[in-house]
Amino acid sequence: MLKVALLVVADLVAVNLAAPRKQDGFGGLKKKMAEAGNTEAPLVKSIFVYPVKSCQGISVSQATLTSNGLRWDRLWMVVNSRGRMYTQRVEPKFALIRVELPIEAFTQGWEPDRASFLVIKAEGMSTLKIPMVQPSAVADGVSVWAWSGSALDEGEEAAKWFSQFLGKTSRLVRFDEASQSRPTISDYVSGHTIKFNDWYPFLMISQGSLDALNARLTEPVSINRFRPNFLVDGCEPFSEDLWNEIEINEFVFMGGELCVRCKVPTVNQETAEMGTEPNETLMKFRSDRVLVLSKEKHQGKIYMGNMMVCKNYTPETGMSKAIKVGDPVHVLKMVSSYDECVI
């Protein structure tokens, strides 16, 4: 019965949001919530940080912000012999690499010392410890999508570890925040920067959206297939798609674009096996053909999650405030339909 109910809710929401209508704004949202008998704001249910791009994430109780995303998020990346990024798209084995950081690393004002390490583990491999103090060696010609620049090289021990695990020449590099600036890959949010992220500094998905997807699947999937930074709960499925501006603990985030999903969600994060789901099911109700009927040319892309930037970050707020599990998510502005989303 629960699965049927979730399917009905998801279908009703999708039909309602896909239909063009006048923009509601925050007042319209509050009215709808009151009519539904729910005046509670959604809450941050989980926070995830992914220190090494495409490796396993860390679930944390709080996280601090920097000018280019959550602190430590996608700060490291594994590259091939040409300096090009490796990801689960072509190397699904990355799903099996576990990453640890000191718990204190996620608190305000914490700085690493010589006893602070990024710890990397995988079955059948020795434990790799990377000092969190910055290395001095520079690796030139490091590239992520169209961006190319220099990075900090984490040394021969790390290179040997990843080369052995992947069976091909590899190196571990760190984004050089002191000398490099990488803009978001979008004209819609120009002026914002990222580290080794794909597109945007933040990704948000709701528990309701995951539940609605799982109601359609024979075998449910975990949120780790989608690698969000924030998992929120207490809202209708996919309502986060239309959040144009939200506030969490005085940080104001602007929704940029819906997240186009690649092959990574099809990688089982426990076994590293690649299949066809959940993308096959997402294509049936989360493609541009379904969401934006008025679009002149559809590309068959699928979407899950809202990519975001922080509008009011300052170094002072980044040092003094953190986003915590349980924080309310206040919706300040929203668009009225998928026709107004950046897809």
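The values are calculated or read from the model by the stated rules, or taken from the named source; none is laboratory data. No experiment lies behind these values; they were computed from the predicted model shown. All Cβ positions, glycine included, derive from the backbone under ideal geometry; neighbour counts span all protein chains shown. Note: accessible area is taken over every heavy atom of the protein model, side chains too, but ligands, DNA and RNA are not part of it. Shrake-Rupley method; radii C 1.70, N 1.55, O 1.52, S 1.80 Å.
General remarks:
- When peptides 270-276, 130-136 are sorted by average Cβ neighbour count within 10 Å, with the highest value leading, the order is 130-136, 270-276.
- Between 0 and 90°, nearest 10: helix 25-35 axis offset from the chain longest Cα axis: 70
- Accessible carbon and sulfur surface of the range 115-257 relative to its total accessible area, %, 1.4 Å: 48
- Rolling a 1.4 Å probe over the protein heavy atoms gives the range 40-112 an accessible area of 36 Å² per residue.
- Above-threshold pairs, the threshold being 21 Å between Cα atoms, out of Lys195/Lys284; Lys121/Lys160; Lys121/Lys195; Lys45/Lys195; Lys93/Lys168: Lys195/Lys284; Lys121/Lys195; Lys45/Lys195
- A straight chain from Gln108 to His298 at 0.36 nm per residue would run longer than the Cα-Cα distance by 63.9 nm.
- Shape call, the range 151-191: gyration tensor on alpha carbons, a/c limit 1.5: oblate
- Residues whose amide H lies under 5 Å from that of Val309, counting only those 5 or more places away or on a different chain, are Met254, Gly256; hydrogens are built 1.01 Å from N in the peptide plane.
- The Cβ shell under 11 Å around Asn68 holds other residues with a net charge of +2, Lys and Arg each +1, Asp and Glu each -1.
- Table column - 3J(HN,Hα) (Hz), the range 130-145, Karplus curve with 6.51, -1.76, 1.60, x for Gly and Pro: 10, x, 7, 5, 5, x, 9, 6, 10, 10, 8, x, 7, 9, 10, 6
- Within a straight-line Cα-Cα reach of under 18 Å, Lys321 can be paired with the following aspartates and glutamates, leaving aside sequence neighbours fewer than 8 residues apart in one chain: Asp73, Glu104, Glu111, Glu247, Glu250.
- The candidates Thr127, Thr281, arranged from most to least accessible area with a 1.4 Å probe in the full protein assembly, appear as Thr127, Thr281.
- Charge tally around Met254: other residues with Cβ under 10 Å, Lys/Arg +1 each, Asp/Glu -1 each, net +1.
- Stretch gain in nm, segment Trp199-Ser143, where the contour uses 0.36 nm per residue and the Cα spacing is subtracted: 18.8 nm
- Nearest-ten-degree value, helix 2-18 long axis tilted from longest Cα axis of the chain: 80
- Candidates Tyr200, Tyr313, Tyr188: whichever shows maximal mean-square fluctuation once the chain is modelled as a Gaussian network with Cα springs under 10 Å: Tyr188
- Residue-count net charge about Val90 - beta-carbon cut-off 11 Å; Lys, Arg +1, Asp, Glu -1: +4
- Accessible-area composition of the range 62-102, carbon plus sulfur, in percent [1.4 Å probe]: 47
- Rounded, prolate or oblate (a/c below 1.5 giving rounded, otherwise prolate when a/b exceeds b/c) for the range 148-307 by Cα gyration tensor: oblate
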